[in-house]
1. Go over the candidates 43, 22, 12, 37 one by one and state the one that is among the charged types (D, E, K, R) and in contact with a helix residue (DSSP H, G or I) (Cβ under 7 Å, 6 or more places away or on another chain).
2. Mind telling me which of the residues 42, 29 ends up being without any contact (Cβ under 8 Å) to a residue 40 or more places away in the chain, among the hydrophobic types (A, V, I, L, M, F, W, C), surrounded by fewer than 16 Cβ atoms within 10 Å (Cβ to Cβ) and assigned to a helix (DSSP H, G or I)?
Amino acid sequence: MRINAYLVRWIRQKYKKLAALRKALQKMWEIADRYPRMFAHWRWTTVASVAW
């Protein structure tokens, strides 16, 4: 979950239109659904911890 939190933070910083937490989480889940093998840890979880 920590790696996913870092990915969401990176998405929020790189793409200004996804700066809102809800939009960034939605985009990460969309990518995880579309490409489940993009990251090895996505086989176990796509949940992002929001407490970083």
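1. Every option except 12 fails the conditions.
2. Working: 42 fails: surrounded by fewer than 16 Cβ atoms within 10 Å (Cβ to Cβ).
Checking each option against the conditions leaves just 29.
No lab work stands behind these numbers, since they all come straight from the coordinates. These figures come from a predicted structure and were not determined experimentally. Ideal geometry is used to build each Cβ from the backbone, glycine not excepted, and the neighbour counts take in all protein chains shown.
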